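The values are calculated or read from the model by the stated rules, or taken from the named source; none is laboratory data. For clarity, every value in this text was computed on a predicted model and none was experimentally measured. Here Cβ is always computed from backbone atoms with ideal geometry, including for glycine, and neighbour counts include all displayed protein chains.
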Amino acid sequence: MTSEFAVEMRDVVKRFITPEGNEMAAVDHVTMKIRNGEFFSMLGSSGCGKTTSLRMIAGFEWPTEGEVYIEGKAMGHTPPFQRKVNTVFQSYALFQHLTIYQNVAFGLEMENAKEDEIKKRVGRALDMVQLTGMDRRKPKQLSGGQQQRVALARALVKTPDVLLLDEPLGALDLKLRKEMQLELKALQQQLGITFIYVTHDQEEALTMSDRIAVMSKGKVQQMGTPVEVYERPANKFVADFIGESNFLEGKIKSLTRKEASVFIPGLNAEVTGMPISEGLAKGEEVVVSIRPEKVRLVEKGALKMNMFRGKVTNTVYIGADTHIYTEVHGVKLKVLEQNRISRLDPKSFYTVGQDVSLLLMPENTLVLKKD
Ligand SMILES: Nc1ncnc2c1ncn2[C@@H]1O[C@H](COP(=O)(O)OP(=O)(O)O)[C@@H](O)[C@H]1O
Ligand SMILES: [Mg+2]
């Protein structure tokens, strides 16, 4: 391959005119470099510009500014069929009157491929998505998950270097979606094709991706591995969007090169020794972020550094975990504990009104800029 990157978006802007006649940037100076063989996801809530970005890579839309590169070549106004990418949409867009075989063969027939070549490739594509033997059925005779696999086979049969997938599992129920996530990931690894995957589901992105671009309002908020975006969110938006976080507002009291101490008015106390990211200054208003599963609950004992007395205000048992809602001087903190031991005795759980101590271990907290 000629380029290290399968696909690049360089400083891409896409403006639309709204029905009211205003201009809006659906994609606002986005730069992404997607490596060969990578499972790359664009993650963000509805309207953040994911589909528009994907459509520009596919060639269904052209950037207002900036450029899309595929294998190092500027795409300009190259039409979709001349790009080495293929798209799988959420609505499977299968031809209802054609058989599964005919649906998958369609693209090859349009290219005037030879009959036995088509047969071989369709067979292989159906094998890949585990639909061998279903080739004579019509789409209506398949389940939702199977129909989605046909859509996938139809894209794979053309052996694209890059597969673009726009919320392909959106129409499936949760259990099937989770199964398909693992299957898709395994298939991608096995084929070594670059996948660019669009989803609004953070768990899905974490499950499948090598890297994730977290998007909001047309901009990339952070790009990184699942571990990076979860454990080291770049800002409050990402910390809030991916997983859950407790946020404590405060002000930097003292600062070394690596650590900060933050005074938190709500707790009327200082949290000390927290790792910091770049660009923070003494006296700056910040938010201290800590994940519910990283707060330690202690029933009794003397107060230590970064430990605060609080009360349980609610508990929610959800099988694998219990969510414990607490309040410390009126500041609400959510704690998540795993139920690692099988037990029924109500006394073994935290109860509403119970006094507890909460330990905010500095290495489990992040000091983030206030947006
Ligand atoms: N053809 C279009 N004309 C006008 N506005 C559009 C068009 N396509 C998308 N938009 C707007 O651009 C924004 C981003 O849309 P989209 O890329 O579909 O978001 P996502 O896929 O992340 O939900 C939305 O506000 C949407 O209404
Ligand atoms: Mg979309």
Exercise for the section: Could you check A113 against (1) surrounded by 16 or more Cβ atoms within 10 Å (Cβ to Cβ); (2) within 27 Å of V7 (Cα to Cα) and say which number it fails? Expected result: (2)
Handout entry: Unmet requirement for G170, which otherwise passes all of (1) in a helix (DSSP H, G or I); (2) modelled with pLDDT under 90; (3) surrounded by fewer than 17 Cβ atoms within 10 Å (Cβ to Cβ)
Key = (1)
Problem - Residue that is nearest to ligand 2 (Cβ to nearest atom) [pool: residues in region 191-203 that are in contact (Cβ under 8 Å) with a residue 40 or more places away in the chain and part of a helix (DSSP H, G or I)] - result: Q202
Practice task
For region 37-67, name all the residues that are under 21 Å from P168 (Cβ atoms), out of contact with any Lys or Arg (no Cβ under 7 Å at 6 or more places or on another chain) and more than 16 Å from ligand 2 (Cβ to nearest atom).
Solution key: G37
Practice task
Show the residue pairs that are 6+ apart or on different chains and have beta-carbon atoms under 6 Å apart, the first residue being within region 111-131 and under 24 Å from S143 (Cβ atoms) and at pLDDT 90 or above, the second being of a type in the set (G, A, S) and surrounded by 12 or more Cβ atoms within 10 Å (Cβ to Cβ).
Solution key: V122/A105; A125/A153; L126/A153
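Being within 16 Å of ligand 1 (Cβ to nearest atom), touching a residue at least 24 places away in the same chain (Cβ under 8 Å) and among the charged types (D, E, K, R) is true for just one of D161, D135, D166. Which residue is that?
Details: D161 fails: within 16 Å of ligand 1 (Cβ to nearest atom); D135 fails: within 16 Å of ligand 1 (Cβ to nearest atom).
Just one listed residue meets the conditions, D166.
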Exercise for the section: Inspect region 252-263 for any residue being assigned by TED's automatic domain parsing to the domain that holds P362, buried (at least 22 other Cβ atoms within 10 Å of the Cβ) and touching a residue at least 60 places away in the same chain (Cβ under 8 Å) and give the result as yes or no. Expected result: yes
Problem - Boolean, G145 is assigned to a loop (DSSP other than H, G, I, E, B), closer than 24 Å to A93 by Cα and not acidic (D, E) - result: no
Practice task
Please state which one of A281, A239 is outside any loop (DSSP other than H, G, I, E, B) and of a type in the set (A, V, I, L, M, F, W, C).
Solution key: A239
Exercise for the section: Consider only pairs whose beta carbons are under 7 Å apart and that are at least six residues apart or on different chains; among these, list those whose first residue lies in region 38-67 and is in contact (Cβ under 8 Å) with a residue 60 or more places away in the chain and more than 15 Å from D28 (Cα to Cα) and whose second residue is assigned to a loop (DSSP other than H, G, I, E, B) and more than 8 Å from ligand 1 (Cβ to nearest atom). Expected result: E38/D210; F39/S209; F39/D210; F40/S209; F40/D210; S41/S209; A58/R83
